[in-house]
Amino acid sequence: MTPSQATAPPASLSDDTPTLLVKIFGRDRPGITAGLFETLAPYAVDVVDIEQLVTRGRITLCALVTSPGGGTAEGELRATVHSWAEAVGMEAEIISGTGDNRPRGTGRSHVTVLGHPLTAGSTAAIAAGITGTGANIDRIFRLAKYPVTAVEFDVSGTATETLRTVLAQQAARHGVDVAVVASGLARRAQRLVVMDVDSTLIQDEVIELFAEHADCAGQVAEVTARAMRGELDFEQSLHARVELLAGLDVSVVEQVRKAVRLTPGARTLVRTLKRLGFQVGVVSGGFTQVTDALQEELGLDFASANTLEVVDGKLTGRVTGEVVDRAGKARLLRRFASEAGVPLAQTVAIGDGANDLDMLNAAGLGVAFNAKPVVREAAHTAVNVPFLDTVLYLLGITRDEVEAADIAE
C-alpha cells in the first residue's frame, strides 16, 4: 500500500446505491440500540447514518444502512427487524431509497431560542421565519429546561445575517429571545467574554448605592436613567453624578461592596466559562473600588472601570484617569482580546445600556441583557430573562453539561 493510498478517504456513497431507512420507536429502555444493530449484523449492511432521540421516555431510533442486495435478502431483513421489534414491544418502519441524506445547504447557522415559557405559537413563528427565508431546519434539540426552556435549531441554506434580521422581528413580536450565530469551528474555539457590570453582572447601579449614603439618590437616579437611555453624554453625566458624592467618608466603599448583589446565574456563568478555558472580563462605567473586589471574588481575567478620587479619607467628587465611557468600553474589549490572544470575531460582549453599544457591536456576538429598547434593537441578540447564565445556551452549552461539571468538581 502506498502512502497516498493509506491516507486516501473512503469513497462516498453514490446517489444510486440502494439504502434502507430503518426507524424504531416505542418505550425507551436499555439495549434497544444494541438490539437493532445485532439484528442487522448478519446481513452485512454498512451503517451510513444514525440518529436517536429520547423524549419523555419514548425513543425514536433511525438508522440509514445499505441494502443487503437482492429482493430475497432485503425481504428477510425486513421480516427479521419487524419480528425483533415486536418481541421487544417496539414498532418498526423500513423505507427503501437510494444514496445518503440530502447534502446540507450552504450558509449554516445555529438558532437558539429561549422562552419563559416557550409556547407552541412562538415556536411556530420562529420555524416559519426560518423556512420563510428559504432555509431548512436540519435538527432541533433542547439545551435546557430551566430556568428557561432553551432549544437550538441547526439551520442551513440562508446567510446568518439574513436569518438574524428576520428572526429578531419574530422574537420581538412573540416575546422570546433568539440568537443566531454562524456554524463552524469558531463556535467551539476558546473565547473571551466581556461584561458590563451595573445591571448586568450585578443587579445594582453602584453609583446609586453611593448616592444613598450621600442623600442624593433621587438626583443621581434621574441622571443615570437619562444617560442609559442615550439622552445624555455619558462622561458629562458621570462627572455630574460623582460631584454629588463629594465629602463622603471612604469607609462607605466597604459598605457599598457588601451591598452589591450579583445577578442570578452570574457565578454559574463565570465558573462554567472558566472551566471551558474561556477568559472573562468586565468593563464598567462604575468604579474600580467595586470592580476590583468583583475581579478577586469571581476570578476574572480582566477588569477596568473609573476610579473615585480619595483625598484625606474623603471622596472628592471627581474621578481620576481616563474615563471608561461608550467608546472606552469598545477600546477595552479590543485591548483585552489582544492580550488574551483571541480574535475579535471570537469575543462575546454583554451589556444593558446605551454606553455598551459600541462594545456590543465590536464583538463577534453582542448580547443585550435585559436592556433598554435602543440597545435591544442594535445588538446581535437580546436576552430578556433575569438569569445571566442563559448566555451559556447561546454558546451551545447545555444545562446538563453545566450541572455535570458542578457535580464533578
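So I have [x] 54; [y] 47; [z] 61, and one of them is percent of Cα pairs over 30 Å apart calculated from this model. Which one is it? Here the calculated entry is [x].
Counting pairs of Cα atoms in the range 31-136, how many percent are more than 17 Å apart? Provide the component values of the computation, followed by the final result.
Numbers: 3695 of 5565 pairs.
Cα-Cα pairs in the range 31-136 separated by more than 17 Å: 66 percent.
With a Förster radius of 25 Å applied to the beta-carbon distance between E222 and Q169, the computed FRET efficiency rounds to 0.15. Annotation: for a label point projected 7 angstrom from Cα along Cα→Cβ of S83, residues of the range 32-55 with backbone N closer than 18 Å are 35-45. Of interest is the spacing of the C-alpha centroids, which for the range 53-100 and the range 222-273 amounts to 62 Å.
Shown here: the range 327-409, whose C-alpha atoms stretch 41, 32, 16 Å along the first, second and third principal axes, sorted largest to smallest.
Rg/Rh, computed from the Cα trace of the range 184-264 with Rh as the Kirkwood radius, has the value 1.12.
The alpha-carbon of K258 sits under 23 angstrom from the alpha-carbons of these lysines, leaving out residues fewer than 8 places away in its chain: K314. According to the calculation over all Cα-Cα pairs in the range 250-355, the P(r) per 5 Å bin from zero is 2, 11, 19, 23, 21, 13, 7, 3, 1, 0 %. Only DSSP H runs of four or more residues enter the estimate; each adds -39500 (n - 2.57), and after division by the residues of the chain the mean residue ellipticity at 222 nm equals -11500 deg cm²/dmol.
For the range 86-165, rounded, prolate or oblate, judged on the Cα gyration tensor with a ≥ b ≥ c (square roots of eigenvalues), a/c < 1.5 rounded, else prolate if a/b > b/c?
oblate
Applying D = kT/(6 pi eta Rh) to the range 321-375, where Rh is the Kirkwood radius over alpha-carbon pairs, T corresponds to 25 °C and eta to 0.890 mPa s, the Stokes-Einstein value obtained is 219 µm²/s.
Counting only residues at least eight positions apart within a chain, or on another chain, the aspartates and glutamates with an alpha carbon under 18 Å from that of K145 are D177, D389, D400, E401, E403, D406. Dipole magnitude for the range 133-204: about 320 debye, using +1 per Lys or Arg Cβ and -1 per Asp or Glu Cβ, origin at the Cα centre.
Of the residues N370, G184, T80, the one whose Cα sits farthest toward the positive end of the charge dipole of the chain, with +1 on the Cβ of Lys and Arg and -1 on the Cβ of Asp and Glu, is T80.
Taking 0.36 nm per residue of sequence separation and subtracting the Cα-Cα distance, how much length would be gained by fully extending the chain between S251 and T33, in nm to one decimal? Present the calculation step by step, with values, prior to reporting the outcome.
Values: separation 218, 0.36 × 218 = 78.48 nm, distance 6.54 nm.
Taking S251 through T33 to full extension adds about 71.9 nm, to one decimal.
For the chain, the Cβ-based charge dipole about the Cα centre amounts to some 540 debye (Lys, Arg positive; Asp, Glu negative; other atoms uncharged). Protection proxy ranking of 201-209, 371-379, by the mean of other Cβ atoms within 10 Å over each peptide's residues and highest first, is 201-209, 371-379.
Kirkwood Rh and Cα-based Rg: tell me the resulting Rg over Rh for the range 153-311, rounded to two decimals. Please list the in-between numbers first.
Values: Rg = 19.2 Å, Rh = 18.2 Å.
Here Rg/Rh amounts to 1.06.
Read the figures in this text as sums done on the coordinates, not as results from a lab. These numbers come from a predicted model, not from an experiment. Neighbour counts are summed over all protein chains in view; Cβ atoms, including those assigned to glycine, are modelled from backbone coordinates with ideal geometry.
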